[in-house]
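Undergrad: Dropping a structure here in structure tokens format, bear with me for questions.
The values are calculated or read from the model by the stated rules, or taken from the named source; none is laboratory data. Please read these numbers as outputs of a predicted model, since none were measured by experiment. Virtual Cβ from ideal backbone geometry, glycine too; neighbours counted across all protein chains shown. Ligands, DNA and RNA are stripped out before the accessible areas are found, and what is left, the full protein with its side chains, is counted by its heavy atoms. Shrake-Rupley method; radii C 1.70, N 1.55, O 1.52, S 1.80 Å.
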Amino acid sequence: QVQLVESGGGLVQPGGSLRLSCAASGSIFSIYAMGWYRQAPGKQRELVAAISSGGTPTYVDSVKGRFTISRDNAKNTMYLQMNSLKPEDTAVYYCNANWRSKFDYWGQGTQVTVSS
């Protein structure tokens, strides 16, 4: 069992930065693959970035070079550093934890709004 709590969302101007955090509790964090998803109004939820239990990151093309996913297993926390933000990054961002497709957990989501 894993409980996920996101934080760090907010309003930022285009070109600005935000750092999202996902704190996990209730289970063994280090064995889970982790990911950040986002869902904008009228659109499907999409995987933005993922990081394996071993720390290997992957990104959707639209955020490559701008976003960085990381994890600190000692703190049971995953991060998404978002730089050079664009209005199209506006969405609710969700933290996800997955272990071998048998256990799948979601955070409550945090709103990111990029607007001038």
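Undergrad: Bin width 10 Å, alpha-carbon pairs only: give the P(r) of segment 16-66 as whole percents, running from 0 to the bin holding the largest distance.
TA: For segment 16-66, the binned pair fractions read 20, 49, 27, 4 percent.
Undergrad: Can I ask one more? How far apart, in nm, are two points set 7 Å out from the Cα along the Cα-to-Cβ line at Lys102 and at Ala23?
TA: Distance between the two pseudo-spin positions: 2.9 nm.
Undergrad: Which trypsin sites (Lys or Arg not before Pro) in segment 1-92 sit in a loop by DSSP (not H, G, I, E or B) and have at most 11 other Cβ atoms within 10 Å of their own Cβ?
TA: Qualifying residues, ordered by number: Lys43, Lys64.
Undergrad: Continuing with the same structure: List the relative contact order of the chain as a percent without decimals, with contacts defined as Cα pairs under 8 Å and 6+ residues apart.
TA: 36
Undergrad: Counting DSSP beta bridges in the chain, what percent are antiparallel, to the nearest 5?
TA: Bridges in the chain are about 95 percent antiparallel.
Undergrad: Which ³J(HN,Hα) values, rounded to whole Hz and listed in residue order, are derived for segment 69-79 from phi using the Karplus coefficients 6.51, -1.76 and 1.60 in 6.51 cos²θ - 1.76 cosθ + 1.60 with θ = phi - 60°, glycine and proline given as x?
TA: 9, 8, 9, 10, 5, 5, 9, 6, 9, 10, 10
Undergrad: Something else now. At 1.4 Å probe size, with the rest of the protein present, what percent of the exposed accessible area of the chain is carbon and sulfur atoms?
TA: 49
Undergrad: A further question follows. Explain nothing, just the number: dipole magnitude of the chain about its Cα centre with +1 on each Lys and Arg Cβ and -1 on each Asp and Glu Cβ, in debye rounded to the nearest 20.
TA: The calculated dipole for the chain is roughly 120 debye.
Undergrad: Please give the per residue accessible area of the chain, computed with a probe of 1.4 Å over protein heavy atoms only, in Å².
TA: Ligands and nucleic acids excluded, the figure is 52 Å² per residue.
Undergrad: Let me ask another. Just subtract the alpha-carbon distance of Glu88 and Thr56 from 0.36 nm times their residue separation and send over the number in nm, one decimal.
TA: This chain segment gains 9.0 nm when fully extended.
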